[in-house]
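Data first, discussion second: the structure below is written as C-alpha cells.
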Amino acid sequence: MNDSEYSSKIDMIGSIGNLEPKDGNIGIFVPSMERDGTPLDHEKWRSDTIHLMSSLFGGATAFEGFGGWLDEEQGNKVKSEAISVVVSFITASELTEKKKDCLKKYLHKMGREAKQGEIGYLLNGIFYRIKDFENE
Amino acid sequence: MNKKAKDKILTPQEFAEGLGGEKVGEIPNFSIDPIGLKFMATHIGKRLSSQGGRPTDPSWKTIRKVPMKNETWKRLETIAEAYKEHAVSIAPGQLAGIALEYGLPQLTEQDEAPRALLENCLSQSTYTFPEHEMQEARELTSVAKQSGIW
C-alpha cells in the first residue's frame with residue numbers, strides 16, 4: 001500500500017464512524033517451554049492468548065520469535081526457547097480495571113500452569129515481568 | 001434498579017503494574033536506526049520506477065531549487081551511496097525530496113499517514129541485522145540527524 005492509498009484508507013475508516021485511533025499497544029510473551037525445559041502446548045497457549053486479547057481489545061496478532069531470559073534463581077542460567085508475542089493495539093480508554101483484572105487472572109494462570117519462572121509483557125514500549133504468581 | 005458499576009479507566013502505569021509485574025525497562029522509540037534504514041531502503045525502492053530513464057517517483061510533479069550547505073549535499077550523497085548496498089538506486093536530490101516528505105509532518109503535525117506507516121512497520125519488524133551493518137547504519141543515521149535530514 002503506498003502513502004496515498006494508506007491516507008485514503010485512514011480517511012475512509014474515519015468517515016465510517018467515531019473511531020478512536022489506537023495509538024498504544026500491549027504484548028504478551030507466550031512461552032513454549034516450562035522453566036525446566038519441558039515442552040508446552042505452545043499453540044494452545046498462543047491461541048488462548050489471542051482469543052482473550054481479542055475479546056478484551058478488539059483484536060490480536062501473534063508474532064513468532066526466539067528469545068532467552070536469565071534465570072537468576074537457578075544459577076543465573078540463560079534459558080532460550082521459541083516464543084510468540086501476542087500484540088493488541090489499544091486506546092487509552094480500553095485500559096480499564098475490569099480488563100486489567102481479567103488479563104491479570106490469565107497471566108498468573110499461565111505462569112502457574114505453564115510452570116514459568118517469569119511471564120513477560122509490554123505495555124506501550126515498557127517491559128514488565130511477573131515473577132510471583134498469585135493463586136486463583 | 002442497580003446501575004452497572006462504571007468500569008474505571010486506569011493509566012497505563014496503573015494497568016501494567018496492576019497485572020502484578022515489575023517494570024524492567026523501556027524500549028526506546030525508533031527514530032531512524034538500522035531497521036529504519038532497511039525499511040526506508042525498501043520503501044524508497046518501491047516508490048521509484050523507470051520508464052526508460054532514471055528511476056523516479058511518478059507523483060513528483062514539482063521540481064524546485066533548494067539551497068543547502070555543501071556538507072548537506074555531501075551527506076545526501078553518502079546516504080544515497082549507502083542505499084545502493086540495499087539495491088536501491090537513488091539520486092541525492094531524490095533522497096532530499098523524500099526526506100522532506102517525512103520530515104515536514106514533524107513541523108506541521110499534519111499528514112501523519114507516512115509517519116504512522118513508518119512507525120507501524122518498524123514496530124513489527126523482526127529482522128535481525130548483522131552487527132557490522134547495524135554499526136554502519138548507526139553512523140549514517142547520526143550523519144543524517146546532524147544534517148537535519150531526518
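Structural remarks
- Paramagnetic label zone (point 7 Å from Cα along Cα-to-C-beta, A:ASP41; backbone N under 18 Å) in segment A:111-127: A:111-116
- Dimensions of chain A from C-alpha coordinates, computed as largest minus smallest value along each principal axis and given longest first, are 55, 34, 25 Å.
- Estimated vicinal HN-Hα couplings, Hz - segment A:44-56 in sequence order (Karplus 6.51, -1.76, 1.60; Gly, Pro = x): 5, 5, 5, 5, 4, 5, 4, 4, 5, 5, 5, 5, 7
- Dipole magnitude of segment A:37-84, debye to nearest 20 (Cβ charges: Lys/Arg +1, Asp/Glu -1, about Cα centre): 100 debye
- Ellipticity estimate at 222 nm from DSSP helix runs (n ≥ 4, -39,500 (n - 2.57)) divided over chain A, nearest 500: -11500 deg cm²/dmol
- Label zone (A:ALA82, point 7 Å along Cα-to-C-beta; backbone nitrogen cut-off 16 Å) within segment A:33-51: A:33-34, A:37-47.
- Computed from Cα positions, the angle between helix A:97-113 and the longest principal axis of chain A comes to roughly 30 degrees.
- Estimated translational diffusion coefficient (Stokes-Einstein, Kirkwood radius over Cα pairs, 20 °C, 1.002 mPa s) of segment A:45-86: 182 µm² per second.
- Close lysine pairs were tallied over segment A:33-136: pairs 8 or more places apart or on different chains with Cα atoms under 17 Å apart number 15.
- Order by protection proxy (mean Cβ within 10 Å, highest first), peptides A:99-110, A:66-77: A:99-110, A:66-77
Each reported figure results from applying straightforward, stated rules to the coordinates on display, with no laboratory input. Keep in mind the model is a prediction, meaning the values are calculated, not measured. Counting neighbours? That spans all protein chains shown, and the Cβs are built from the backbone with ideal geometry, glycine included.
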